[in-house]
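Asks: The structure under discussion is supplied below as structure tokens; questions concerning it will follow.
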Amino acid sequence: MTTLLDGGMGQELIRRGSPRSAEFWSAWAMIEDPDLVRGVHADYVTAGCDVLTTNSYATFADRLRPHGLVDRADELCRTAGRLAREAADTADRPVRVAGSLPPLRHSYNPAPDASYEELVDEYGLMVEQLTEFVDVFLCETMGALREARAATDAARASGREVWTSFTLQGGTGPHLLDGTPFTQACSEVAADVFLLNCCPPEQITESLPLLREATDHPVGVYANAFHDMPTGWRGRDGSPLPEARPDMGAESYAETALTWVEMGADIVGGCCEIGPEHIACIRQALGTGQNG
């Protein structure tokens, strides 16, 4: 049985009225209009997802500090967990909650400017804030081995299942952005599930077989639908968000997701620019196909 993740949160919030900021929109919504977040979660549940992801991609101290909100990191992280938990608990079927542990030193970064020990400590704070609300931790958009190990090790201390997802966005080959081969990453990162996320669908299609060969653990994928994401993009430094690709509508993306299932993906879903309509289309396809 294929597990269906939800889709992206940030771009959905923008579509529903959150400011178009590369840095702050998802945390802004929980301060100014938490009903936006509730609505996105609810729509993913209606679409048929099996797992909701907490809106905690921008709720850690280092990311909130430039906005003068570092003292609200604990509150916002817990709020992200609570909102997802409430949405899952009101579903008419079992829906799990995944606690998002994001990159702490820029997304798509092959060289985080922090030691393993520093990253473990920072991730540990998020784990402590989210544990009571989540069923699994999702260490996502990991570009460097050190970062992936730190997030995963911190999450393991919770006793929850841990999924670790690597990004290929901006990379030039089927390996982590820092050059680590999948075989090494899967042997040195103590995750229960390995995934690929937030990169073009074509890159995932190319790399999924290598990830599948690299581990005996379940594997999953969830792509973005950004158009021409530039190498070295840094939202914190003012890089603008790219536009959505016009060729990744719900039906097209669902067809691609089914291809990934046929290639051995145990988990599929969506990342940036993949919304509830995409997830609903995948749900329908899985429900009528031999993999559903």
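Where a number appears in this text, it was derived from the coordinates with a stated rule and is not lab data. The structure presented is a predicted model; accordingly, all values stated were derived computationally and were not measured. Heads up, the Cβs are rebuilt from the backbone with ideal geometry, glycines too, and the neighbour counts pull from every protein chain shown.
Asks: Rounded to two decimal places and with Rh computed the Kirkwood way over Cα pairs, what is Rg over Rh for the stretch 149-207?
Replies: 0.99
Asks: Subtract the Cα-Cα distance of Asp62 and Asp192 from 0.36 nm times their separation in residues, and report this length gain in nm to one decimal.
Replies: Between Asp62 and Asp192, full extension yields 44.1 nm more.
Asks: Further question on the same structure: So for each of 195-202, 62-69, 177-184 I average, over its residues, the number of other beta carbons within 10 Å; can you give me the resulting order with the highest mean first?
Replies: Final packing ranking: 195-202, 177-184, 62-69.
Asks: Relative to the present Cα-Cα distance, how much length would full extension add between Ser252 and Glu202 at 0.36 nm per residue of separation?
Replies: Extra length available between Ser252 and Glu202 comes to 16.8 nm.
Asks: While we're looking at this one, here's another question. To the nearest µm²/s, what D does Stokes-Einstein give for the stretch 98-195 at 4 °C and 1.567 mPa s, using the Kirkwood radius over alpha carbon pairs as Rh?
Replies: Rounded, D is 100 µm²/s.
Asks: What percent antiparallel are the DSSP beta bridges of the stretch 3-288, to the nearest 5?
Replies: In the stretch 3-288, approximately 5 percent of DSSP beta bridges are antiparallel ones.
Asks: Also, quick follow-up: Using 1/(1 + (r/R0)^6) with R0 = 35 angstrom and r between the beta carbons of Thr259 and Ala114, what's the FRET efficiency to the nearest 0.05?
Replies: It comes out at approximately 0.40.
Asks: Okay, moving on. Starting from the coordinates of the alpha-carbon atoms of the stretch 55-107, obtain the Kirkwood hydrodynamic radius over all distinct pairs and give the value in Å to one decimal.
Replies: Across the stretch 55-107, the inverse of the average 1/r is 12.0 Å.
Asks: If we count other beta carbons within 10 Å of each Cβ, what is the order of Ser115, Ser165, fewest first?
Replies: Ser115, Ser165
Asks: Which helices pass in the chain if a helix is a full DSSP H run, must span at least 15 angstrom along its long axis by Cα, and must have mean Kyte-Doolittle hydropathy not below -0.5?
Replies: 34-47, 116-130, 201-214, 250-262, 276-288
Asks: Send over the semi-axes of the stretch 1-160's equivalent ellipsoid, whole angstrom and largest first, taken as the square roots of 5 times the C-alpha gyration tensor eigenvalues.
Replies: Equivalent ellipsoid semi-axes, largest first: 24, 19, 14 Å.
Asks: Using θ = phi - 60° and the Karplus form 6.51 cos²θ - 1.76 cosθ + 1.60, what ³J(HN,Hα) does each residue of the stretch 184-196 get, whole Hz, x for Gly and Pro?
Replies: 5, 4, 6, 7, 9, 9, 8, 8, 8, 9, 10, 9, 10
Asks: On a full-extension model of 0.36 nm per residue, what is the gain between Thr183 and Arg15, subtracting their alpha-carbon distance, rounded to one decimal in nm?
Replies: Taking 0.36 nm per residue and subtracting the Cα distance, the gain is 56.6 nm.
Asks: Moving on to the next point. Which three extents, in whole angstrom, do the alpha-carbon atoms of the stretch 3-288 cover along their principal axes, largest first?
Replies: Computed over the stretch 3-288, the largest-to-smallest principal extents equal 46, 40, 38 Å.
Asks: Further, regarding this structure: Between His217 and Thr131, how many nm apart are label points set 7 Å from Cα along the C-beta direction?
Replies: 1.9
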